[in-house]
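The block underneath contains the structure these notes are about, expressed in structure tokens.
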Amino acid sequence: MIAAPVRLGLRENAAQFSLLVAVNAFVGAMVGLERSTLPLIGGEDFGLSSKTAVLSFIVAFGIAKALTNLGAGALAQRAGRRRLLITGWAVALPVPLLIALAPSWGWIVAANALLGVNQGLAWSMTVVMKIDLVGPRRRGLALGLNESAGYGGVALAAGLSGWLAGSFAARDVLVVAGAAIAVTALLISVLFVRDTAAHVGLEQARDHADADDHAPGLRRAFADASYREPALRSCSQAGLVNNLNDALAWGLVPLYLAAHGASVGEIGLIAALYPGVWSVVQIAAGHWSDRAGRKPLIAGGMLIQAAALALLALGDGALTPAAAAAVLLGLGTALVYPTLIAAMSDAVTPVARAPVVGVYRFWRDSGYVAGGLIAGSMADALGYGGAIALVAGLTAASGAWVIVDMPPRQSAAGRARPLVARGD
């Protein structure tokens, strides 16, 4: 059998791209199951009263995911994208079992550490593989579709798990649905997903023939993406703050609403609104960033998120302002989320993409650690409103950082200066 020629482009790789979109929807659904129920389970099933203790599962998730992102980016070129994707789903299999058998909250925290490894490997690889397939010119649209599928899965799972938890035990809902998702996604990845190494080689040879064809070492990628290059460091800090406020939305908002009398079903609705808007708007946002440039969407999105959190704090737990804040937060995040990864990818060569995006995702998902610690400790010290207001201020400061530090229009068509396509 003659192998099909390797080509770059969304239409040219529609079948594999669509398959990866579906896999990423499962990745999002796996974590979405916890959005409306797990913070409540901490109090109802395990008797936790400290907000910091309840949000410890998010801290464990964030540490595991951030470190896994870093390792996955460094290993992707060597081990292969597909192999890491399959490993990510294999790691997810014990998560529902640990939650089902948990005699203490520590087991839930351990399950979420494994979930962080799953998310770090599986989501990282679906992101990088889609960028590999489409090439530079429709990168923003590709990432919009990827993140839309992932957070569509989050929104659907959050809404359904909250609704089902009104009729069944919340833990049972998490266990049954989590097992079904993990097994299905693992089988799809093993049977149908193909590696994209040939697409990386084609783009490198076609568009960056004069650059080093070896992936940069982790030390070099980490330095450039963390502090050395303005185009990269401004994205890394914005990603961290974005997930800091996402940790607050995940872990603290259900407790905030419940403390003001909201039912589990109403909490599920609010928990679904935010990622639902985020999911739908991302497609247009990613496409828009291909035309308008990355910086305006990133800076504007961070400031919209800050306004949403301020509204949430001022709403005092009432459902109408909480719903409006969820929609506004989803809109701001949709402008930021796919655009940040596209901006990182614009600034590097294809072989440098995986390690640099891995470093970005390390900083971004470190935001879950910071968010869990800040939201929990500040809620214990200042109350819900004070914690939310503090995070709103941090988010506004991040948007200002992007305005000041990020270079003015980065290439939206892959013509950016290759920053880290060289060894240590």
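The values are calculated or read from the model by the stated rules, or taken from the named source; none is laboratory data. Predicted model, so just to flag it, every value in this text is computed and none were measured. Because the Cβ atoms are built from the backbone with ideal geometry, glycine has one as well, and the counts that use them run over all protein chains shown.
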Exercise. So Arg35 clears everything in (1) part of a helix (DSSP H, G or I); (2) under 21 Å from the mean Cα position of the chain (by Cα) except one condition, right? Which one?
Worked result: (1)
Exercise. Applying the selection to segment 71-84, what residues are in a helix (DSSP H, G or I) and farther than 21 Å from Val95 by Cβ?
Worked result: Gly73, Ala74, Leu75, Ala76, Gln77, Arg78, Ala79, Arg81, Arg82
Problem set entry | Which numbered condition Ile181 fails, given (1) of a type outside the set (Asp, Glu); (2) under 24 Å from Leu133 (Cα atoms); (3) under 23 Å from the mean Cα position of the chain (by Cα) | (2)
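Of a type in the set (Asp, Glu) and buried (at least 19 other Cβ atoms within 10 Å of the Cβ), is that true of Asp316? Lay out the reasoning, then the answer.
Working: of a type in the set (Asp, Glu): yes; buried (at least 19 other Cβ atoms within 10 Å of the Cβ): no.
When the stated conditions are applied, Asp316 does not pass them.
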For this session: State whether the residues of segment 95-102 include one that is assigned to a helix (DSSP H, G or I), in contact with a Ser or Thr (Cβ under 8 Å, 6 or more places away or on another chain) and not polar (S, T, N, Q).
Result: no
Problem set entry | Some residue of segment 323-332 being under 25 Å from Ser124 (Cα atoms), small (Gly, Ala, Ser) and in contact with a Lys or Arg (Cβ under 7 Å, 6 or more places away or on another chain) | no
Seminar exercise, completed: Across (1) buried (at least 24 other Cβ atoms within 10 Å of the Cβ); (2) part of a loop (DSSP other than H, G, I, E, B), Val6 clears everything bar (1)
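Among the residues of segment 168-178, is there at least one that is of a type outside the set (Val, Ile, Thr) and within 28 Å of Ala284 (Cα to Cα)?
Within segment 168-178, not a single residue is of a type outside the set (Val, Ile, Thr) and within 28 Å of Ala284 (Cα to Cα).
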Seminar exercise, completed: Going through segment 99-108 in order, the residues found to be buried (at least 19 other Cβ atoms within 10 Å of the Cβ) and in contact with a Phe, Trp or Tyr (Cβ under 7 Å, 6 or more places away or on another chain) are Ile108
Exercise. From the list Gly239, Gly261, which one is of a type in the set (Gly, Ala, Ser), free of Cβ contacts under 8 Å to residues at least 60 places away in the same chain and either touching a Leu at 6+ places or on another chain (Cβ under 9 Å) or closer than 26 Å to Gly32 by Cβ (or both)?
Worked result: Gly261
For this session: Looking only at segment 72-85, count how many residues are out of contact with any Pro (no Cβ under 8 Å at 6 or more places or on another chain) and crowded, with 19+ Cβ neighbours inside 10 Å.
Result: 5
For this session: Please note which helices (runs of 4 or more DSSP H) are completely contained in segment 263-349 and include at least 1 residues that are modelled with pLDDT of 95 or more.
Result: 295-314, 319-346
Seminar exercise, completed: Checked segment 302-325 for anything touching a residue at least 60 places away in the same chain (Cβ under 8 Å) and either under 11 Å from Ile270 (Cβ atoms) or charged (D, E, K, R) (or both); matches are Leu312, Asp316, Gly317, Leu319, Ala322
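Test of understanding: among Leu141, Leu133, Leu145, which residue is buried (at least 20 other Cβ atoms within 10 Å of the Cβ), modelled with pLDDT of 90 or more and under 25 Å from Val281 (Cα atoms)?
Working: Leu141 fails: modelled with pLDDT of 90 or more; Leu145 fails: modelled with pLDDT of 90 or more.
One residue alone meets the criteria, Leu133.
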Exercise. Taking into account only those residues within segment 49-63 that are outside any helix (DSSP H, G or I) and either of a type in the set (Val, Ile, Thr) or more than 21 Å from the chain's Cα centre (by Cα) (or both), which is surrounded by the most Cβ atoms within 10 Å (Cβ to Cβ)?
Worked result: Ser50
For this session: Tell me which residues, restricted to segment 38-48, are outside any helix (DSSP H, G or I) and touching a Gly at 6+ places or on another chain (Cβ under 8 Å).
Result: Leu48
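Could you check segment 319-348 and list, in sequence order, the residues that are hydrophobic (A, V, I, L, M, F, W, C) and surrounded by fewer than 24 Cβ atoms within 10 Å (Cβ to Cβ)? Give the steps one after another, and end with the answer.
So in segment 319-348, the residues hydrophobic (A, V, I, L, M, F, W, C) come out as 319, 322-329, 331, 334-336, 340-344, 347-348.
Result: Leu319, Ala323, Ala324, Val327, Leu328, Leu331.
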